[in-house]
Amino acid sequence: MARSLRDIRRKMKAIKATRQVTKAMELVAASKMRRAVQNAQKLRNYAFTAWRVLQKLAQVHPELHPYLQEREPRKILAIIVTPDRGLCGNLNAQLLRTTTQYVNGLKGLKTFESIEFIVVGKKGQQFLPRLKQKIVAAFPAFSSYPTFKDVLPIARMATEGFLAGTYDHVVLIYSDFISAIAQEATVKVLLPFSTTALKTMLGSLLPRRYRRETEKEMTMEDVHEYLFEPSQDEILKTILPQLTEIQVYQAILEAGASEHSARMLAMRNASDNASDLINDLTIVYNQTRQAGITGELSELTAAKAALE
């Protein structure tokens, strides 16, 4: 009995230590989440409005800029944003499962030839070789409040490859922040902004927020012409690259907010589970101890009766 009680006490001590760690990680993740969510939400309306304007512009004036022109999805460049670490629930599994679905969906397109990846985060760097996919560039995860300048190398690598004709489409794969308890893996076509077969194939993989906004746009009046001042070439040359970079930056911010939210929730669940285990072990410990005491009393009573 003494050994059994000692083992139970050892287990309880270990679980309490684990609970302290998970509780501390929950508080750290909650602190980071607040700032990450604020950063994502500040830019969200601007980024989404810019995305809508670019798509409308591609419908009205597709001949004005290579970003607006329709291309067949032959060579694809995908920018996938993943965390460096785990302990964030099913966030990584959901994101990598969506990536696998996307790659399998591409194989169903008649014009598809090849896909290459720019990977942000170690989880993606570890997963894609197992999927037998080519990685052309790798970056560490931007979990600690990235600035716009931090994201520029990724955006410019993608846009330069698109303009040079190396890639026909550029795609973003990331976790879209819905709420503190919900994050949704999504695939969004970054370039070109025109409607293509690839966008049609990816319709079901868009986050709920973008699907709702797309449905609203269908009910709105179409724009038949845009007026540019001071000059069309000057505006498009300046604005289109900047708005494209904003889309990449927003995806990074959404992924960061999703990571911290998922980790906070996972650590909270781990702490709650540890508390439940401690309560269960406490009951078992008390029952075992009481059984031992009852057994000893029975032995004493029997011994006394034998002596009498």
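The values are calculated or read from the model by the stated rules, or taken from the named source; none is laboratory data. On a predicted model such as this, the values are computed, not experimentally measured, just so you know. As a convention, Cβ positions derive from the backbone with ideal geometry for all residues, glycine included, and neighbour counts pool all protein chains shown.
For region 242-272, taking the residues that are closer than 13 Å to PRO83 by Cα and of a type in the set (S, T, N, Q), the one that is surrounded by the fewest Cβ atoms within 10 Å (Cβ to Cβ) is identified as SER261.
Listed here are the residues, each with its yes/no results for (1) more than 15 Å from ILE252 (Cβ to Cβ); (2) in contact with a Leu (Cβ under 8 Å, 6 or more places away or on another chain).
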{"site": "VAL37", "(1), (2)": "no, no"}
{"site": "THR49", "(1), (2)": "yes, no"}
{"site": "ARG52", "(1), (2)": "yes, no"}
{"site": "GLU63", "(1), (2)": "yes, no"}
{"site": "ARG71", "(1), (2)": "yes, no"}
{"site": "ILE79", "(1), (2)": "no, yes"}
{"site": "PRO83", "(1), (2)": "no, yes"}
{"site": "ASN90", "(1), (2)": "yes, no"}
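Counting residues in region 65-82 that are assigned to a loop (DSSP other than H, G, I, E, B), of a type outside the set (D, E, K, R), modelled with pLDDT of 90 or more and within 20 Å of the chain's Cα centre (by Cα) gives one or more.
Yes/no matrix, rows are residues, columns are (1) under 17 Å from the mean Cα position of the chain (by Cα); (2) charged (D, E, K, R):
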{"site": "ARG6", "(1), (2)": "no, yes"}
{"site": "MET12", "(1), (2)": "no, no"}
{"site": "GLN20", "(1), (2)": "no, no"}
{"site": "GLU26", "(1), (2)": "no, yes"}
{"site": "ALA36", "(1), (2)": "yes, no"}
{"site": "ASN39", "(1), (2)": "yes, no"}
{"site": "ARG44", "(1), (2)": "yes, yes"}
{"site": "ARG52", "(1), (2)": "no, yes"}
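Restricting LEU253, LEU300, LEU281 to residues that are part of a helix (DSSP H, G or I), farther than 30 Å from ARG35 by Cβ and at pLDDT 85 or above narrows the list to LEU281. Among residues of region 122-138 that are closer than 21 Å to TYR167 by Cα, those with a beta-carbon under 8 Å from a residue that is aromatic (Phe, Trp, Tyr) at least six positions away or on a different chain give the pairs GLY124/PHE117; LEU128/PHE117; GLN133/PHE117; LYS134/PHE117; ILE135/PHE117; VAL136/PHE117. Kindly evaluate LEU96 against the criterion of being within 13 Å of the chain's Cα centre (by Cα), hydrophobic (A, V, I, L, M, F, W, C) and closer than 27 Å to ASP150 by Cβ. So LEU96 fits the description; yes.
Give the number of residues within region 40-84 that are more than 20 Å from LEU191 (Cβ to Cβ) and surrounded by 20 or more Cβ atoms within 10 Å (Cβ to Cβ). Residues meeting the conditions: 3.
Does LEU106 qualify as being touching a helix residue (DSSP H, G or I) at 6+ places or on another chain (Cβ under 7 Å), among the aliphatic types (A, V, I, L, M) and either closer than 18 Å to ALA257 by Cβ or in contact (Cβ under 8 Å) with a residue 12 or more places away in the chain (or both)?
no
GLY89 - would you say it is touching a helix residue (DSSP H, G or I) at 6+ places or on another chain (Cβ under 6 Å) and surrounded by fewer than 21 Cβ atoms within 10 Å (Cβ to Cβ)? Yes; evaluated as a whole, the condition is true for this residue. Taking strands (runs of 3 or more DSSP E) as the structural unit, those lying wholly within region 115-232 and holding at least 2 residues that are buried (at least 18 other Cβ atoms within 10 Å of the Cβ) and at pLDDT 85 or above correspond to 169-179, 182-191. Taken across region 92-113, residues that are touching a Pro at 6+ places or on another chain (Cβ under 7 Å), in a helix (DSSP H, G or I) and not hydroxyl-bearing (Ser, Thr, Tyr) do occur, with at least one present. Checked against (1) farther than 29 Å from LYS122 by Cα; (2) within 18 Å of the chain's Cα centre (by Cα), LYS56 passes all but condition (2).
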